[in-house]
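Student: Just dropping this structure here.
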Amino acid sequence: MKIKCPKCKKVAELSPDFSLVSCKSCNLEMSYGEYVKFIAHNDVTYSDILGDYTGSTEGQTAGSLDDWDSQSG
Ligand SMILES: [Zn+2]
């Protein structure tokens, strides 16, 4: 399905099984889990999406978001 690319803000594609996010505009390619963390770190308005995803894993990924700052530049 079509989703908003977290990197270039254009249209990215989410695979039907929610396993992979890819954007042809900026060659972004990441897992959906990475995508959720990426947008959570960069745009708090996506918190609605996170409700379903992080419900059972909340707290387990704390401390890892800072890594994105050095990887996404
Ligand atoms: Zn993109």
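Read-outs throughout are calculated quantities, based only on the coordinates presented, and are distinct from any laboratory measurement. Here the structure is a predicted model, which is why all the values come from computation and not from measurement. No Cβ is skipped: glycine too gets one built from the backbone with ideal geometry, and neighbour counts run over all protein chains shown.
Student: Taking the highest mean first, how do the peptides 13-23, 32-42 order by number of other beta carbon atoms within 10 angstrom per residue? Don't jump to the answer; show the numbers that get you there.
Tutor: On the way: 13-23: 14.0, 32-42: 18.5.
Result, highest mean Cβ count within 10 Å first: 32-42, 13-23.
Student: Right, something else. Modelling each spin label as a point 7 Å along the Cα-to-Cβ direction, I'd like the C8/E29 distance in nm, to one decimal.
Tutor: It works out to 1.5 nm between the two label points.
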